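The structure appears right after this line, and notes come after that.
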Amino acid sequence: MNRLEHLDVMKGFALFMILLLHAYGSFGIYSSPTREFLSLGALDGAANHFINLFVRNKAFAIFSIMFGISFFIQLERSKFKDINFLGFFSWRLLILLGIGIVHAMIFRADILTKYAVVGFILLLIYRLPIVALALISFLMLMQPGNVYHLLRIYTDAGYIPANYHQPELWAQVYEASRTGSFLQVVNANVNIAFWELWKLNITTGRITNIIGFFALGFLIGKSRLLENPQKNMKVFYYIVALSSVFYIALRYFRNIMDGVSWVKPNAIPVFDTMITNYMNFYMVLIMLSVIVVLYHISIFKSLFDFLKPYGRMSLSSYVMQSVLGVFLFYGFGLGLHDFLGPFLSLVSAFLILTVLLVYANLRFRTHKQGPLEALWKKLTYMPFAVRSEK
């Protein structure tokens, strides 16, 4: 299968959204600056609205869908090699898990370890019929945990969903990030944040969402929809139109549900979470479809092309932007968390992006892959007596 450049653009777009989200939250410190360099009230407000409308939970969703598509591409390429795909991809996931663990030591909001573990579930289901895969994706994205909470609320008047967040533990993690040394940050990430985040990812439904998005991405790959987008433009137009209708309808219901008679007061937080996630899902479909459409219009293509090298080395870009962000915002580095408000924090994301774009373009002058991609590939093929693709 030939390299699909628009997939690199979509990966780059997802990575940049993740970078924006992390920079907005001071790379997981989530505290207001006490020595703000420059107060920008209106721009800070605009930054808040922008993140909530276009970035929060959308970046993770797009990146997860891209993982599912990449899984399908790996599967297709393995057919042209004398290789056991199950063993090959299992080993590949274990290496990704190792990279993710090292990454999580530095930056706690790591997604690689979750992807590596959930990737094994994808290995268990990818051979199922398309209808079964679509059903699994649908059920996982329906948020089964929240559906369970609603059923309990409507059948048990005294039921209150458990809250697994432990503020006292997170206070230690945030303090280490604000004022601690590098080793203190690593200690807090390893001994507290790593396990707490896994617990929250499971109890809040993030893991089931990842399963759903992985399956959806695999189905998109299997549909061949992205192999020749120009022949499928009408499909993307329909996706944008229908998703917009569903998004607006859900947003309207979320705004009026306080006055709906059958919505119990103690069910409102659960409904709000579910509806917001459904809205995010449709916004993701809109954004991906718009990117595909615009990328194949010459006037916009050059605007998106600058993301290609950044997205092509997505693993390296993801880890490097975390390392740069932690250095810029944490106490053992430049401590910018105490100086930058929301808008200037987003500006810092553009600076990090610029550094990574320059590096990626220089890298691809002499190499075919990013540094972590090259390492991942070398370690992946090491146990297999096959010649990797040039």
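The values are calculated or read from the model by the stated rules, or taken from the named source; none is laboratory data. Worth saying up front: this structure is predicted, and the values here are computed from it rather than measured. Counting neighbours? That spans all protein chains shown, and the Cβs are built from the backbone with ideal geometry, glycine included. Protein only, heavy atoms only, side chains kept; ligands, DNA and RNA dropped before computing areas. Shrake-Rupley method; radii C 1.70, N 1.55, O 1.52, S 1.80 Å.
When the trypsin sites (Lys or Arg not before Pro) in the range 313-389 are filtered for DSSP coil states and for at most 14 other beta-carbon atoms within 10 Å of their beta-carbon, the remaining sites are Lys368, Arg387. Each peptide in 174-180, 191-197 receives the mean, over its residues, of other Cβ atoms within 10 Å, and ordering these scores from highest gives 174-180, 191-197. For the listed residue pairs Lys199/Lys301; Lys81/Lys308; Lys222/Lys301, the alpha carbons are over 30 angstrom apart in Lys199/Lys301.
The convex hull of the Cα atoms of the range 106-150, projected and averaged over all directions, covers 4.4 nm². For Lys58, a cut-off of 19 angstrom between C-alpha atoms picks up these lysines, skipping any fewer than 8 places away in its own chain: Lys11, Lys114. Measuring r between the beta carbons of Phe253 and Leu294 and using R0 = 25 Å, the FRET efficiency lands at 0.25. Accessible-area rank, largest first, for Ser302, Ser31: Ser302, Ser31, with all protein chains present and a 1.4 angstrom probe. Both numbers refer to the Cα atoms of the chain; Rg and Dmax are 21.4, 65 Å. Full extension of the chain between Leu169 and Ala134 gives 8.7 nm of extra length, using 0.36 nm per residue less the Cα-Cα distance. When the trypsin sites (Lys or Arg not before Pro) in the range 203-296 are filtered for DSSP coil states and for at most 15 other beta-carbon atoms within 10 Å of their beta-carbon, the remaining sites are Arg224.
Restriction of the chymotrypsin sites (Phe, Trp or Tyr not before Pro) in the range 63-154 to DSSP coil positions whose beta-carbon has at most 12 other beta-carbons within 10 angstrom yields Phe80. Helices of the chain meeting both criteria, an alpha-carbon length of 24 angstrom or more along the long axis and an average Kyte-Doolittle score not below -0.5, with helices taken as full DSSP H segments, are 5-24, 58-78, 85-106, 206-223, 233-256, 268-295, 342-366. If I take every Cα pair under 8 Å that is 6 or more residues apart in the chain, average their sequence separation and divide by the length, what percent do I get for the relative contact order? Relative contact order here is 34 percent. Largest accessible area first, the listed residues Ile101, Ile18 line up as Ile101, Ile18 when surface is computed with a 1.4 Å probe on the assembled protein chains. Of the whole protein surface, Ile125 contributes about 20 Å² of accessible area at a 1.4 Å probe radius.
In the context of the full protein assembly, Met233 retains an accessible surface of approximately 30 Å², using a probe radius of 1.4 Å and ignoring ligands and nucleic acids.
Tell me the carbon and sulfur percent of the accessible area for the range 95-198, rounded to whole percent, probe radius 1.4 Å. Carbon and sulfur: 73 percent of the exposed surface of the range 95-198. If the segment from Val323 to Asn228 were pulled out straight at 0.36 nm per residue, it would be longer than the present Cα-Cα gap by 30.6 nm.
Return, ordered by residue number, the residues of the range 72-103 whose backbone nitrogen is under 16 Å from a label point located 7 Å along Cα→Cβ of Leu4. Under 16 Å, as judged by backbone N against the label point of Leu4, lie 72-78 of the range 72-103. Applying D = kT/(6 pi eta Rh) to the range 263-362, where Rh is the Kirkwood radius over alpha-carbon pairs, T corresponds to 20 °C and eta to 1.002 mPa s, the Stokes-Einstein value obtained is 128 µm²/s.
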